[in-house]
Amino acid sequence: MENSYYRQEKIWKSHNNSARHGGRLPESDATKCPSKGFEKKLIKGESFLSELVYGAPIEKGCCMQNTSHAVMAQRHEPKDSTDNFPTPPWATRALIEHVIRPESVRGMTCLEPACGQGHMARPLAEYFGSVQSSDAYHYGFGPVRDFLVYPYDALSHDWVITNPPFRLAEQFVDRALTVARVGVAILARTVFLESVGRYEDIFLRRPPSAFAQFVERVPMVKGRLDRKASTATGYAWFVWDKRQQGETSKLMWVPPCRRALEREKDYR
Ligand SMILES: C[S@@+](CC[C@H](N)C(=O)[O-])C[C@H]1O[C@@H](n2cnc3c(N)ncnc32)[C@H](O)[C@@H]1O
């Protein structure tokens, strides 16, 4: 186990009052913390962040309230993880309804190259003329294709839209910009916007045409859709509409829309 204890401790040190606590959760705070299991998990060397990101409510007055947003936005998946976190379908409808607009994609083709069980591909099919789906792993939805190596032709699809594995998101953007004729939309954690590496590799020369921040949380749970899940992580749509190349990136918000765009059938 390198363990996740040391990883978490490093994060704690760098992001959270390291001077005050020397990077360790102070005894007093740990015993006060009402998130049961937190201290035990830390001591056992497991990821306490998983509790924050995948469901535990962030309680008022809890020591975790002191953690920075950066800490909460961390998600540590092992390198060989499939990183299968299905997107609640309303978040995909939100992209079309509030960012790209339904009339602009009518009759167009779309590729969802990391489709998982199809939770994003299905709502996309409500708007596009056709949607092609694939994934590097077998989920019984689309054919098995690694998007980063499969020889899709350049400009072969009007749009490429997906929620990629976070650790490969940069490569996905790069590949998608080659494959898409009209545009690319990537759902990613808000923090994808930062980092010198991403600035130099993507944003400096290929800034998105729109950055659309969800004002509501978009809870994602490993391996399944969970209507009741909560999350401390913010998400945004990063859109590269090639028709708007050269224009200043537009900062926008995805307004509250979960209630209007969520369907009973999404969770069946
Ligand atoms: C965060 S999940 C999103 C699944 C689906 N797009 C959705 O939103 O419901 C990321 C998906 O990427 C797939 N994946 C991981 N590496 C991939 C690769 N190199 N090429 C294609 N798909 C990949 C995983 O199997 C997983 O289904």
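Name the pairs whose Cβ atoms lie under 6 Å apart, with the first residue in segment 202-218 and assigned by TED's automatic domain parsing to the domain that holds Leu261, the second open to solvent by less than 80 Å² (accessible area, probe 1.4 Å) and polar (S, T, N, Q), and 6 or more positions between them or separate chains?
Close Cβ pairs (under 6 Å, with a partner that is open to solvent by less than 80 Å² (accessible area, probe 1.4 Å) and polar (S, T, N, Q)) amount to Pro207/Ser249; Pro208/Ser249; Ser209/Gln244; Arg217/Thr231.
All but one of (1) of a type outside the set (Asp, Glu); (2) within 11 Å of the ligand (Cβ to nearest atom); (3) surrounded by 23 or more Cβ atoms within 10 Å (Cβ to Cβ) hold for Phe172; which doesn't?
For Phe172, the exception is condition (3).
In segment 99-114, which residues are within 15 Å of the ligand (Cβ to nearest atom) and open to solvent by 10 Å² or more (accessible area, probe 1.4 Å)?
Ala114
Condition first: more than 9 Å from the ligand (Cβ to nearest atom), of a type in the set (D, E, K, R) and part of a loop (DSSP other than H, G, I, E, B). Can you find one or more residues in segment 144-160 that meet it?
Yes, segment 144-160 has at least one match.
For segment 202-219, does any single residue satisfy the condition of being in contact with a helix residue (DSSP H, G or I) (Cβ under 6 Å, 6 or more places away or on another chain) and within 14 Å of the ligand (Cβ to nearest atom)?
Within segment 202-219, one or more residues are in contact with a helix residue (DSSP H, G or I) (Cβ under 6 Å, 6 or more places away or on another chain) and within 14 Å of the ligand (Cβ to nearest atom).
Checking Tyr235 against (1) within 25 Å of Ala180 (Cβ to Cβ); (2) under 16 Å from the mean Cα position of the chain (by Cα); (3) at pLDDT below 95, which test does it fail?
(3)
Table: residues versus (1) surrounded by fewer than 19 Cβ atoms within 10 Å (Cβ to Cβ); (2) touching a residue at least 12 places away in the same chain (Cβ under 8 Å).
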residue: His119; (1), (2): no, yes
residue: Glu126; (1), (2): yes, yes
residue: Ser130; (1), (2): yes, yes
residue: Ser134; (1), (2): no, yes
residue: Leu148; (1), (2): yes, yes
residue: Pro151; (1), (2): yes, no
residue: Ser156; (1), (2): yes, yes
residue: Thr162; (1), (2): no, yes
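Pairs needed: first member in segment 90-110, in contact (Cβ under 8 Å) with a residue 24 or more places away in the chain and assigned to a strand (DSSP E or B); second member anywhere, polar (S, T, N, Q) and more than 16 Å from the ligand (Cβ to nearest atom); C-beta distance under 6 Å; at least 6 residues apart or different chains.
Correct list of pairs: Thr109/Ser130.
Among Leu261, Leu251, which is within 20 Å of Pro208 (Cβ to Cβ) and either in the same structural domain as Leu193 (by TED's automatic domain parsing) or open to solvent by less than 50 Å² (accessible area, probe 1.4 Å) (or both)?
Leu251
Considering Leu225, Leu187, which residue is open to solvent by less than 10 Å² (accessible area, probe 1.4 Å), within 16 Å of the ligand (Cβ to nearest atom) and closer than 21 Å to Pro89 by Cα?
Exactly one residue qualifies, and that residue is Leu187.
Going through Pro219, Pro256, Pro208 one at a time, which residue ends up being in a loop (DSSP other than H, G, I, E, B), within 15 Å of Leu95 (Cα to Cα) and open to solvent by less than 20 Å² (accessible area, probe 1.4 Å)?
Pro208
The values are calculated or read from the model by the stated rules, or taken from the named source; none is laboratory data. Quick caveat, the model's predicted, so the values are computed rather than measured. With ideal geometry, Cβ positions are generated from the backbone for all residues, glycine too; neighbour counts draw on all protein chains shown. We work out accessible area using only protein heavy atoms, side chains counted, and drop any ligands, DNA or RNA first. Shrake-Rupley method; radii C 1.70, N 1.55, O 1.52, S 1.80 Å.
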